[in-house]
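Undergrad: Got a structure for you, questions after.
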Ligand code: SAM
């Protein structure tokens with residue numbers, strides 16, 4: 001996958017595994033060290049966990065040596081993600097030798113996938129907690145305090161943590177994530193998420209609006225609405241998406257879909273930037289694109305994973321759309337929002353993928369010319385339909401070569417896209433100092449492209465109009481011409 005500042009919104013490689021910390025409460029006496037891996041949902045979940053534990057007497061620390069409780073929020077999406085976590089557990093084991101009172105808990109998707117097997121395989125683990133069981137943490141911690149191992153991996157039909165106000169960990173005070181759905185019902189054959197995060201359920205729009213309003217009050221300027229498949233958001237009073245058919249006429253009449261939710265959020269805070277991730281092509285409808293076009297504060301950027309350009313592979317992946325339907329969606333986006341940026345996720349070497357299928361992926365990319373991309377070699381995941389029914393038959397070297405080819409093409413398209421911004425004046429929200437130069441700010445334009453420019457007297461959180469002078473394949477370089485009208 002391409003690593004640069006522009007992709008960090010979704011999977012921040014530099015943040016993977018970093019210890020997250022928040023301002024402490026003086027009364028709290030115990031120390032929590034929490035590390036997160038994987039998707040933004042996990043980072044967002046860690047904020048919920050820290051919030052629950054703040055009420056249980058824990059302040060966060062970034063110093064592993066002084067921790068009373070170490071939690072690692074894990075990812076199962078690819079085998080490599082799991083290997084990284086196992087290596088970290090070895091490190092925790094070494095620390096535990098000098099601090100035997102320290103307890104270790106595994107949270108998230110790997111906890112859900114391996115359940116109590118974790119306690120047998122990784123002897124240092126004291127506690128295993130799945131993504132829907134964080135409210136049970138106070139009880140589970142009491143168990144481990146009393147010397148027993150503790151496990152809760154029960155998946156829920158209605159847990160959305162809508163009533164937990166997350167604390168913001170390692171926050172820049174400007175951008176925040178707000179989760180709107182949990183779980184996923186799509187059953188893509190390669191994907192472990194439906195098994196680790198359970199069935200899809202949506203959060204009460206009222207609690208989403210309260211969280212967004214609270215963030216605005218606290219000075220935040222941008223929110224990203226998070227879900228595995230945001231377009232599938234549907235609130236009809238609670239319950240699983242799959243049970244919507246059983247809802248009453250009244251519930252159906254007052255239900256809120258994703259297009260409506262976007263409008264509610266955009267109207268509630270007209271000066272706040274609204275982003276969302278992830279969109280699934282099979283569920284993205286025209287009314288979502290129209291809502292985006294209608295409100296200036298909804299950013300003009302769609303992360304629209306396609307995974308493959310071949311109809312045969314899309315079918316084998318159980319992605320419920322064709323290449324042609326995807327093109328139609330892209331054409332509609334470009335027609336309704338001409339300046340909309342689009343990014344992809346792609347998997348190379350899915351079982352049975354031929355050179356012809358791979359060429360279809362390259363030609364699909366050529367058609368769309370994505371602004372960004374997140375590209376992966378297929379990794380077989382235990383329990384998925386692909387693992388049960390298909391042989392992982394594309395040789396590793398072939399997967400890697402195809403991956404290289406799509407990454408190279410993406411880089412070319414990235415440059416083509418960034419070049420379209422040169423010479424324009426674009427609104428940028430300042431997020432912090434540039435990683436490469438302390439004399440420059442780093443922020444993003446509406447299309448989610450990173451923009452770097454001299455600091456002058458501007459501050460973090462300012463909306464600034466920036467004249468774009470030059471670019472790389474992922475970054476725009478410019479100079480401020482003044483505050484934007486949104487400031
Ligand atoms: N829910 C989103 C969707 O359906 O498009 C994203 C799910 S996942 C957290 C993020 C990305 O990881 C996927 O879009 C896919 O490209 C990649 N991924 C998922 N399972 C994979 C696997 N078994 N091997 C390689 N990449 C995988």
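The values are calculated or read from the model by the stated rules, or taken from the named source; none is laboratory data. Computed from a prediction, not measured in an experiment: that's the story for all the values here. Here the Cβ is made from the backbone with ideal geometry for all residues, glycine too, and neighbour counts use every protein chain on show.
Undergrad: Here's a check for you: in the stretch 64-111, which residue that is within 16 Å of the ligand (Cβ to nearest atom) and part of a loop (DSSP other than H, G, I, E, B) is surrounded by the most Cβ atoms within 10 Å (Cβ to Cβ)?
TA: 76
Undergrad: Where residues in the stretch 46-63 are over 14 Å from residue 129 (Cβ atoms) and in contact with a strand residue (DSSP E or B) (Cβ under 7 Å, 6 or more places away or on another chain), which of them is surrounded by the most Cβ atoms within 10 Å (Cβ to Cβ)? If you could, list the steps in order and put the result at the bottom.
TA: Within the stretch 46-63, the subset over 14 Å from residue 129 (Cβ atoms) is 47, 51, 54-55, 57-63.
Add one more test, that the residue is in contact with a strand residue (DSSP E or B) (Cβ under 7 Å, 6 or more places away or on another chain), and what stays is 57-62.
Details: 57: 16, 58: 26, 59: 19, 60: 24, 61: 20, 62: 14.
The extreme case among them is 58.
Undergrad: Residue by residue through the stretch 139-150, note down the ones that are more than 17 Å from residue 70 (Cβ to Cβ) and either surrounded by 22 or more Cβ atoms within 10 Å (Cβ to Cβ) or touching a helix residue (DSSP H, G or I) at 6+ places or on another chain (Cβ under 8 Å) (or both).
TA: The answer is none; no residue qualifies.
Undergrad: Can you work out which of the residues in the stretch 164-185 that are part of a loop (DSSP other than H, G, I, E, B) and out of contact with any helix residue (DSSP H, G or I) (no Cβ under 7 Å at 6 or more places or on another chain) is farthest from the ligand (Cβ to nearest atom)?
TA: Of the stretch 164-185, the ones part of a loop (DSSP other than H, G, I, E, B) are 164-174, 180, 183-185.
When the remaining residues are screened for being out of contact with any helix residue (DSSP H, G or I) (no Cβ under 7 Å at 6 or more places or on another chain), the result is 170-174.
Details: 170: 21, 171: 22, 172: 23, 173: 27, 174: 25 Å.
Result: 173.
For every residue, the table says whether it meets (1) within 14 Å of residue 418 (Cβ to Cβ); (2) touching a helix residue (DSSP H, G or I) at 6+ places or on another chain (Cβ under 6 Å); (3) surrounded by fewer than 20 Cβ atoms within 10 Å (Cβ to Cβ).
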| residue | (1), (2), (3) |
| --- | --- |
| 434 | no, no, no |
| 438 | no, no, yes |
| 444 | yes, no, no |
| 448 | yes, no, no |
| 451 | yes, no, no |
| 463 | no, no, yes |
| 467 | no, no, yes |
| 470 | yes, no, yes |
| 473 | yes, yes, yes |
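Undergrad: Consider residue 293 against the criteria (1) within 25 Å of residue 227 (Cβ to Cβ); (2) touching a helix residue (DSSP H, G or I) at 6+ places or on another chain (Cβ under 8 Å); (3) within 16 Å of the ligand (Cβ to nearest atom); (4) part of a helix (DSSP H, G or I): it satisfies all of them except one. Which criterion is unmet?
TA: Result: residue 293 fails condition (3) only.
Undergrad: I'd like the full set of residues that are more than 23 Å from the chain's Cα centre (by Cα), part of a strand (DSSP E or B) and within 26 Å of residue 215 (Cα to Cα), limited to the stretch 443-487.
TA: 452, 463, 464, 465, 466, 482, 483
Undergrad: Continuing with the same structure: What pairs come up if the first residue lies in the stretch 367-389 and is at negative phi, the second is assigned to a strand (DSSP E or B) and within 10 Å of the ligand (Cβ to nearest atom), and their beta carbons are under 6 Å apart, counting only those six or more places apart or on different chains?
TA: 370/344; 373/344; 374/345; 375/346; 376/347; 377/348; 378/347
Undergrad: Next question. Between a residue in the stretch 177-191 that is over 15 Å from residue 225 (Cβ atoms) and any residue that is more than 12 Å from the ligand (Cβ to nearest atom) and in a loop (DSSP other than H, G, I, E, B), which pairs come within a Cβ distance under 7 Å, given they are 6 or more apart or on different chains?
TA: Between residues of the stretch 177-191 that are over 15 Å from residue 225 (Cβ atoms) and residues that are more than 12 Å from the ligand (Cβ to nearest atom) and in a loop (DSSP other than H, G, I, E, B), the close pairs are 183/198; 183/199; 185/199.
Undergrad: Somewhere in the stretch 221-237, is a residue surrounded by fewer than 17 Cβ atoms within 10 Å (Cβ to Cβ) and either part of a loop (DSSP other than H, G, I, E, B) or without any contact (Cβ under 8 Å) to a residue 40 or more places away in the chain (or both)? So that I can check it myself, show each step before the final result.
TA: We begin by selecting, within the stretch 221-237, every residue surrounded by fewer than 17 Cβ atoms within 10 Å (Cβ to Cβ); these are 237.
Narrowing the set further to residues that are either part of a loop (DSSP other than H, G, I, E, B) or without any contact (Cβ under 8 Å) to a residue 40 or more places away in the chain (or both) leaves 237.
Yes, some residue in the stretch 221-237 is surrounded by fewer than 17 Cβ atoms within 10 Å (Cβ to Cβ) and either part of a loop (DSSP other than H, G, I, E, B) or without any contact (Cβ under 8 Å) to a residue 40 or more places away in the chain (or both).
Undergrad: Another question about this same structure. Considering only the stretch 390-400, I want to know if a residue exists there that is on the phi < 0 side of the Ramachandran plot, in a helix (DSSP H, G or I), at pLDDT 95 or above and within 12 Å of the ligand (Cβ to nearest atom).
TA: Of the stretch 390-400, the ones on the phi < 0 side of the Ramachandran plot are 390-400.
Of the ones still in play, those that are also in a helix (DSSP H, G or I) are 396-400.
Cutting the leftovers down to at pLDDT 95 or above gives us 396-400.
Narrowing the set further to residues that are within 12 Å of the ligand (Cβ to nearest atom) leaves 399.
Yes; the residues of the stretch 390-400 include at least one that is on the phi < 0 side of the Ramachandran plot, in a helix (DSSP H, G or I), at pLDDT 95 or above and within 12 Å of the ligand (Cβ to nearest atom).
Undergrad: Ok, one more. Could you check the stretch 186-204 and list, in sequence order, the residues that are more than 16 Å from the ligand (Cβ to nearest atom) and buried (at least 18 other Cβ atoms within 10 Å of the Cβ)? Steps first, answer last, please.
TA: To start, the set of residues in the stretch 186-204 that are more than 16 Å from the ligand (Cβ to nearest atom) comprises 203-204.
Hit for the stretch 186-204 is 203, nothing else.
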